[in-house]
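Enquirer: The following block contains the structure, expressed as structure tokens.
The values are calculated or read from the model by the stated rules, or taken from the named source; none is laboratory data. Note that the structure is a prediction, hence the values are computed from the model and not measured. Cβ: placed from backbone, ideal geometry, glycine included. Neighbour counts: every protein chain shown. When the accessible area is computed, the model is the full protein with side chains, heavy atoms only, and any ligands, DNA or RNA have been set aside. Shrake-Rupley method; radii C 1.70, N 1.55, O 1.52, S 1.80 Å.
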Amino acid sequence: MAQVSLQNVSKVYANGMKVVHDFNLGIENKEFMVLVGPSGCGKSTTLRMIAGLEEITEGKVYIGNKMVNDVPAKDRDIAMVFQNYALYPHMTVFENMAFGLKLRRYPKAEILQRVNEAADILGIRHLLNRKPREISGGERQRVAVGRAIVRKPMVFLFDEPLSNLDAKLRVQMRTEIHKLHQRLQTTIIYVTHDQTEAMTMGDRIAVIQSGVLQQVADPITIYDRPRNKFVAGFIGTPPMNFMNGRLVRVKDKVYFDEGKLKVQVVEEMLKRLEPYAGKEIIFGIRSEDIYDKLFVSEAPGENIVRVTCEVVEPMGSEVFLYLTTGKHTFIARVGAHDRPKVNEDLDLVFDMSKVHFFDKDTEETIV
């Protein structure tokens, strides 16, 4: 079994800088786990501690049922695919893929069989006699993955493997790696700063900020029920819109008052928001939950807001509108043919059943 477990793992460098803080994460056998976060958040360091390329300062790492803190990287039964591919330029594709097996003194016949199997899976058999400089970036990435596949390890570790590819190739390789996981049925831990990769590839996502694990869940849960403002803002394209304001009561209704706009809070949220009555609070709404009033029948009057359009950004199948209340700017995602003029005033409708509220001090999700 290829479970991976990190228990209270921390990493402190010699200069005293702590980059991973008390990290606890369990990865199931055959699971595709994505570690995602901004650059410098500690996700690659965490992966390298699993691989044995970084020393663990505190805590324990288990692969299967074995603690591997003191086990050398070569004996951990893992294979790692790096961001820069790390191919030997003087070797052919075949020699690059076979190199690890030769070091372990596998029989030549088995090496040939394993390399050919991996090359067939990745569609690179016709490249086996070429040198890395003679193939494209996407093909080099496939070779790096193939070198990992031939090892047949317990765990695959991917460290931002697609970041050097162009946008079209990234989408293609993202699909290929996902299909590869389904075919090989092995455990994969995948590091990326691209939340689109995380959402489309992972069985579960671990969101990291400044070396601290923020939330671990499946992609839909992360998107719909973020644990705090950081997760809500990091996951999603475009990111969630945030506004500061107060909860105010007018007669028997409660409103979020931003200063320039005021929208009514739905009854289902009132109980959890009750302690924040009259206090400052953070309001969050995703761009797809904002609609043009012209396309909404029977919109509640309390949820219609007037804003000014500052930028119109066509995306093909949809349009991003960059809007301002005069106090806050935010983005709405609308249909491809809904294109207001710049500096034009719009009446928009907020879907208040899908908004989020965050504590202003802790930035934890209230509802």
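Enquirer: If Lys and Arg each add +1 and Asp and Glu each add -1, what is the summed charge of the other residues whose beta carbon sits under 14 Å from the beta carbon of HIS21?
Expert: Net of charged neighbours comes to +1.
Enquirer: Do the sum for the chain: with -39,500 (n - 2.57) for every DSSP H run of n ≥ 4, divided by all residues, what is the mean residue ellipticity at 222 nm, to the nearest 500 deg cm²/dmol?
Expert: Mean residue ellipticity, 222 nm, calculated: -7500 deg cm²/dmol.
Enquirer: Given H placed 1.01 Å from N in the peptide plane, which residues other than close sequence neighbours of VAL81 have an amide H under 5 Å from its amide H?
Expert: Result for VAL81 returns LEU157, PHE158, ASP159.
Enquirer: Give me the 1.4 Å probe accessible area per residue for the chain, excluding ligands and nucleic acids, in Å².
Expert: 49 Å²
Enquirer: Dipole of the range 231-367, Cα-centred, from +1 at each Lys and Arg C-beta and -1 at each Asp and Glu C-beta, to the nearest 20 debye?
Expert: Magnitude of the dipole: close to 300 debye.
Enquirer: For the range 36-117, what is the charge dipole size about the Cα centre, in debye to the nearest 20, if Lys and Arg each add +1 at the Cβ and Asp and Glu each add -1 at the Cβ?
Expert: 180 debye
Enquirer: For an R0 of 25 angstrom, estimate the FRET efficiency from the Cβ-Cβ distance between VAL312 and GLU288 and round to the nearest 0.05.
Expert: With a Förster radius of 25 Å, E is 0.90.
Enquirer: Which shape class applies to the range 208-314: rounded if a/c is under 1.5, otherwise prolate when a/b exceeds b/c and oblate if not, where a ≥ b ≥ c are the square roots of the Cα gyration tensor eigenvalues?
Expert: oblate
Enquirer: Further question: Using the Karplus equation 6.51 cos²θ - 1.76 cosθ + 1.60 (θ = phi - 60°), what ³J(HN,Hα) coupling, rounded to whole Hz, does each residue of the range 81-91 give in order, writing x for Gly and Pro?
Expert: 10, 8, 4, 9, 6, 6, 8, 7, x, 8, 9
Enquirer: Please list, in chain and number order, the residues 5+ apart from LYS30 or on another chain whose amide H is under 5 Å from its amide H, with Hs placed from the backbone.
Expert: ALA2, THR187
Enquirer: So for LYS131, LYS354, what's the accessible-area order with a 1.4 Å probe, most first?
Expert: LYS354, LYS131
Enquirer: With a 1.4 Å probe and all protein chains left in place, how much of the accessible area of the range 199-245 comes from carbon and sulfur atoms, in whole percent?
Expert: Roughly 52 percent of what the probe reaches on the range 199-245 is carbon or sulfur.
Enquirer: At 1.4 Å probe size, put THR186, THR57, THR308 in order of accessible surface, largest to smallest.
Expert: THR57, THR308, THR186
Enquirer: Follow-up question, since we're still on this one. In sequence order, what are the phi-derived ³J(HN,Hα) couplings for the range 99-109 according to the Karplus relation 6.51 cos²θ - 1.76 cosθ + 1.60 with θ = phi - 60°, rounded to whole Hz, with x for glycine and proline?
Expert: With the stated coefficients, the range 99-109 comes to 4, x, 5, 5, 4, 8, 6, 6, x, 4, 5 Hz.
Enquirer: By the scheme Lys and Arg +1, Asp and Glu -1, what is the net charge of all other residues having a beta-carbon under 14 Å from that of GLY211?
Expert: +1
Enquirer: Can you give the charge dipole size of the chain about its Cα centre, rounded to the nearest 20 debye, using +1 on the beta carbon of Lys and Arg and -1 on the beta carbon of Asp and Glu?
Expert: Dipole size: approximately 1440 debye.
Enquirer: Heavy atoms only, probe 1.4 Å: what % of the accessible area of the range 61-123 goes to carbon and sulfur, would you let me know?
Expert: About 54 percent, which is the carbon plus sulfur part of the accessible surface.
Enquirer: Related question: Among the GluC sites (Glu not before Pro) within the range 210-301, which fall in a DSSP loop and have no more than 15 other Cβ atoms within 10 Å of their own Cβ?
Expert: GLU298
Enquirer: Follow-up. Considering the dipole of the chain built from charges on the beta carbon (Lys and Arg +1, Asp and Glu -1) around the Cα centre, which of THR365, ILE222, VAL191 is farthest to its positive end?
Expert: The residue sitting most towards the positive pole is VAL191.
Enquirer: Quick one: of the DSSP bridges fully inside the chain, what percent are antiparallel, nearest 5?
Expert: 75 percent
Enquirer: In terms of modelled amide H atoms, which long-range or inter-chain residues lie less than 5 Å from the amide H of LEU87?
Expert: Under 5 Å from the amide H of LEU87: no residue qualifies.
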